[in-house]
Amino acid sequence: MRSWRRIELWSRSNKTMSQPTTLTPLELKQKAGQVLGVSAWYVIDQALIDRFADVTLDHQFIHVDPQRAKAESPYGGTIAHGLLILSLISDMANRSLPHCEDAIGGVNYGYDKIRFLAPVRSGKRLRGHFTLLAATPRADAELLLRYAVSIEIEGETKPALIADWLSLLFLAQKLRV
């Protein structure tokens with residue numbers, strides 16, 4: 001089994017982005033209620049929206065037809081699919097959240113709540129904010145992490161989405177928390 005490694009990314013021009021650190025399961029548990037990560041900015045351009053439309057077979061004009069969307073939609077142009085924005089959470093997390101010292105693997109365990117609050121227009125930049133709500137032992141060597149996630153749209157007051165996201169870590173040894 002491959003060991004669990006997150007891509008570490010730090011941009012000198014983006015001082016608000018979190019730099020991943022390593023925490024023990026107990027330290028993670030003690031960080032409940034704290035913001036643990038803020039991702040880098042992600043550009044949501046038309047090419048990305050078009051590729052997502054191709055993969056999901058969702059070619060609704062508000063996503064893929066800039067001229068028609070400008071003329072007929074209330075958004076003044078194309079917008080990203082909500083599920084595209086949701087799908088970026090894993091990468092944003094991998095690049096900005098702390099590593100768990102004993103983790104040998106992990107999976108996206110799902111969501112308890114998702115709300116799409118504002119449209120993301122083509123060309124906008126987004127970043128994710130991750131607040132750890134809980135780190136709960138699930139089995140002898142599993143740790144369930146619950147995060148409140150907010151996806152910020154640069155220059156706007158309302159986030160693109162908010163979600164309660166669950167991530168399940170598999171640990172090399174039994175928990176001692």
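Quick note: the coordinates plus some simple rules give every number you see, no bench work behind them. Since we're looking at a predicted model, the values are computed, not measured. Reconstructed Cβ throughout: ideal geometry from the backbone, glycine too, with neighbour counts over all protein chains shown.
Which of rounded, prolate, oblate describes the stretch 25-76, given a ≥ b ≥ c as roots of the alpha-carbon gyration tensor eigenvalues and a/c under 1.5 marking rounded, otherwise prolate only if a/b is larger than b/c?
In terms of gyration-tensor shape, prolate.
In nm, to one decimal, how far is the modelled label at Lys31 from the one at Arg125, with both set 7 Å along Cα→Cβ?
Roughly 2.4 nm, to one decimal.
For the stretch 25-74, which trypsin sites (Lys or Arg not before Pro) are in a loop by DSSP, counting at most 13 other Cβ atoms within 10 Å?
none
Check each of the chymotrypsin sites (Phe, Trp or Tyr not before Pro) in the stretch 71-177 and keep only those in coil by DSSP with at most 15 other C-beta atoms within 10 angstrom; list them in order.
Qualifying residues, ordered by number: Tyr75.
Can you put Arg95, Arg138 in order of Cβ neighbours within 10 angstrom, beginning with the fewest?
Arg138, Arg95
Bin width 10 Å, alpha-carbon pairs only: give the P(r) of the stretch 78-141 as whole percents, running from 0 to the bin holding the largest distance.
In order of increasing distance, the bins hold 14, 47, 27, 10, 2 percent.
Find the eigenvalues of the gyration tensor of the Cα atoms of the stretch 138-177, then list the square roots of 5 times those eigenvalues as equivalent ellipsoid semi-axes, largest first, in whole angstrom.
Over the Cα atoms of the stretch 138-177, the ellipsoid semi-axes are 33, 8, 7 Å.
May I ask for the Rg/Rh ratio of the chain, computed from Cα atoms with Rh as the Kirkwood radius, given to two decimals?
We get a ratio of 1.03 for the chain.
Do any GluC sites (Glu not before Pro) in the stretch 94-177 lie in a loop, going by DSSP, with at most 12 other beta-carbon atoms within 10 Å of their beta carbon, and if so which?
Hits after loop and neighbour filter: Glu154.
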